[in-house]
Each structure stands twice: as C-alpha cells, then as structure tokens.
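The values are calculated or read from the model by the stated rules, or taken from the named source; none is laboratory data. All values derive from a computational prediction rather than experimental measurement. Don't worry about glycine lacking a Cβ; one is built from the backbone with ideal geometry, like all the others, and counts go over all protein chains shown. Ligands, DNA and RNA are stripped out before the accessible areas are found, and what is left, the full protein with its side chains, is counted by its heavy atoms. Shrake-Rupley method; radii C 1.70, N 1.55, O 1.52, S 1.80 Å.
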Amino acid sequence: RSSAASDVYKRQDQDTLRARLKVLDKIQGRVSAEQVDTLVALAGAEPSCSSMDERHVEHELSLARGVTRHAAAKALNIARTLTTRFPTFLTALRAGQITVVHAAILVERTDVVTDPDALARIERLALPKAKRLPPGKFATEVAALVARFDHDATTRAARAREQRRVWTRTLDDGLGYV
C-alpha cells in the first residue's frame, strides 16, 4: 500500500477502522456466497455419476481460478454441500454473519455423517456457535456435535484406531523405508 493511503488510515480513529473492517467482512461473506452460487451454477448441485466428468470440471475450475485441481475440488465440494445440506449456513455466509472458513469447517467435519436428521441437528446447533466463535474453537464444537448426534462416529473412530498401523522395511543399502 502506498504511504499516502497509509496516512489516510492513520488519521482515522480506531472506531472508524473497526467499523470499516466489519463492513468489509460482510462484503467478503457476500462475495464468498456468490462464489458458491457460481461454482454450483457451473458444475451442478450434485456430483456427476462419471468420475471423468468430475475431473474435467475440477480441471476447468482449477484453470479458471489459478489453483490446483485439489483446491478446486475442495471448493466445489464446499459449495455443493452448503447448497444442498446446509442452506442456513449459506444464508449466514451471504449475510456476512460467518466466514467461509466456518462453512468449510462444517462441511469437512460432517463429511462422514449420512443421517439427515443428525445433519439437521448439527446445522441448527452449530450456526449460533459459528456466529460467535473463532474457527479453531468452532471446529472443536462441530466435532463434539458430530460425536453427539452421529451414532456411527464413535464406531468409526474406534475402528480407525484399531486399524492404524505403521510399517517399516530395511532397504538393501541399509536405509529404512517407513
């Protein structure tokens, strides 16, 4: 930023600057919601039955946005999930009440939940938390909600712990392979 612009900000009082940040956060939420709408308009609300078609869409999005295919796929998954599973979170994002980080946390932490009733309960209880908690604490709360309402969550966690393994192998040159 130029020094002239910096001087303008230095002359403003702290309350004005905080109010400005609040307005910018709302604008950012609106822009994020528009990106969700655009991604869903381009790729559809539901994934294609063809993995090749999905890869093609991800590749096109990655080129358009200048990101990796993985990042494009992640953004598309978040957009689709907000649109189909968590519409109240999309509304809150559009209103600037939550950040896209909060929305991504909800999507990622509930990805394994298949029960529609559990998802509805999680969404209802998580939204007020997303509005007032920073992302790290919100992630902890969402994990607790998933454990509370998704009865398979504890079974999946126990199975994952049981199946966790580390393998090692000594190579011919004396080095190891993990």
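When each of Glu54, Glu60, Glu34 is tested for being among the charged types (D, E, K, R) and touching a Pro at 6+ places or on another chain (Cβ under 9 Å), the lone residue that passes is Glu54. Taking (1) in contact (Cβ under 8 Å) with a residue 12 or more places away in the chain; (2) more than 24 Å from Ala33 (Cα to Cα); (3) not in a loop (DSSP other than H, G, I, E, B) in turn, Val107 satisfies each apart from (2).
Counting only helices (runs of 4 or more DSSP H) that sit completely within the range 1-96, those holding 2 or more residues that are of a type in the set (S, T, N, Q) and surrounded by 13 or more Cβ atoms within 10 Å (Cβ to Cβ) correspond to 14-43, 69-84, 87-94. Looking for something open to solvent by 20 Å² or more (accessible area, probe 1.4 Å), under 17 Å from the mean Cα position of the chain (by Cα) and among the small types (Gly, Ala, Ser) - is there at least one such residue anywhere in the range 99-115? Looking for residues that are open to solvent by 20 Å² or more (accessible area, probe 1.4 Å), under 17 Å from the mean Cα position of the chain (by Cα) and among the small types (Gly, Ala, Ser), one finds none in the range 99-115, hence no. Is it true that Ala130 is open to solvent by less than 20 Å² (accessible area, probe 1.4 Å) and either of a type in the set (D, E, K, R) or under 27 Å from Lys22 (Cα atoms) (or both)? Considered against the rule, which asks whether it is open to solvent by less than 20 Å² (accessible area, probe 1.4 Å) and either of a type in the set (D, E, K, R) or under 27 Å from Lys22 (Cα atoms) (or both), Ala130 comes out as yes.
Taking the conditions (1) surrounded by 14 or more Cβ atoms within 10 Å (Cβ to Cβ); (2) more than 16 Å from the chain's Cα centre (by Cα); (3) more than 14 Å from Asp115 (Cβ to Cβ) in turn, Phe138 satisfies each one other than (2).
Let's see how each residue does on (1) free of Cβ contacts under 8 Å to residues at least 12 places away in the same chain; (2) part of a loop (DSSP other than H, G, I, E, B):
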residue	(1), (2)
Ala130	no, no
Phe138	no, no
Val146	no, no
Arg156	no, no
Glu162	yes, no
Asp172	yes, yes
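Within the range 153-174, identify whether any single residue is closer than 18 Å to Thr88 by Cα, open to solvent by 70 Å² or more (accessible area, probe 1.4 Å) and not hydrophobic (A, V, I, L, M, F, W, C), and answer yes or no. The answer is no; no qualifying residue exists.
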